[in-house]
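Below: one structure, written as C-alpha cells.
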Amino acid sequence: MNVSNNFKKHIAENVYPGRGIVIGRNDKNSWVVIYWIMGRSANSRNRIFKCKNNIVSTEAADPLLVEDPSLIIYNVMRDANYWIIVSNGSHTDTIYNGLMQGKDFHTTLYDEKHEPDAPNYTSRISGGVNRANSEIVLARISKSPLTDKSEHYYYRYGHVPPGYGYCVTTYTGDGDPLPAFRGNPFMLPLKGSVKQIANTYWKGLNADNRVSLMVRSIGEFDLQIINKY
C-alpha cells in the first residue's frame, strides 16, 4: 500500500477533511498522536490549541468573537492512567472519566451520539494509545444515512509498523452539507521527529481552512502545536 498516495488524496488535495486524528508510530518507533481542526465559519476559525498540565484544549483566539462555544471549546487530549486519549469534542472527558473508573475504551462511548449540528451532523471521532499493551484504538460515531440514530464504529490495532499511522477524519471534502467520512480508517506516513511531522501535516492541510494542529510523541513528552491565529 502506498500511504503517500493516501496523504495526497485525503489530506494534501482535500480542501476540507475537517477534523482529523492520526495515531501510530514514527520511523523511530515512538508512538505519535496527531489531531487537527479546520474551519469555514468565523466561529469555527476563532480557535487555538493550548497545553496546560499535559492537557491540550481548544480556546478562543478572540473571546469577544465567540458565537457558540458548545461544539468548539473542549479538551482535545489528556492522559488517563496508561492511556493517552484524543477526540474532537467533549467526549474526551467522557472517555477520561470512564477509563479512570475502570471501563473499556469503547464502553465509555456507548451513550455518545453524533453532533447535533444540522445539516452536517458531524461525527464524533476519538482515539487512544494503550501503553500497557502497545495497541491503538479509533472510534467514529456517525449519523445513520437512513435514520436520525447514531452508528458506532470501533477499530483496534495491535501491530502498527514504524513509520505509519491510522487516520480518521470527520469529512471527505467540502460541500453543503459537508460529506461525512465513511468506511475504515486509512494509513498515513509518519516520518521524522515530532516537529517534522507537524510541519509536514500543517503544510499538507488546506491553507485557507486549517486552524490548529498538535503532534505529540509518547515516551518522553514532546508536543508541537501550530496555531494559525
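The values are calculated or read from the model by the stated rules, or taken from the named source; none is laboratory data. In this text, all values refer to a predicted model and were calculated from it rather than measured experimentally. Remember, those area values only see protein heavy atoms, side chains included, never the ligands or the DNA or RNA. Shrake-Rupley method; radii C 1.70, N 1.55, O 1.52, S 1.80 Å.
At-a-glance table
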{"read-out": "Which listed pairs, of K9/K143; K143/K191; K113/K191, have C-alpha distances above 27 Å, in listed order", "value": "K143/K191; K113/K191"}
{"read-out": "Cα-based reach from K195 at 21 Å (exclusive), listing lysines while leaving out same-chain residues under 8 positions away", "value": "K8, K28, K50, K52, K203, K228"}
{"read-out": "Option label - Cα extents along the principal axes in Å computed here, alternatives (1) 54, 48, 27; (2) 53, 40, 36; (3) 40, 38, 37", "value": "(3)"}
{"read-out": "Accessible surface, per residue, of region 1-150 when the full set of protein chains is kept, probe 1.4 Å, Å²", "value": "45"}
{"read-out": "Amide H contacts under 5 Å for R47, placed H, 5+ residues apart", "value": "A61"}
{"read-out": "Within the accessible area of the chain (1.4 Å probe), percent carbon and sulfur", "value": "47"}
{"read-out": "222 nm mean residue ellipticity, helices alone, for the chain (DSSP H n ≥ 4; -39,500 (n - 2.57); rounded to 500)", "value": "-3500 deg cm²/dmol"}
{"read-out": "Relative contact order, percent, region 52-164 [alpha-carbon distance under 8 Å, six or more residues apart]", "value": "17"}
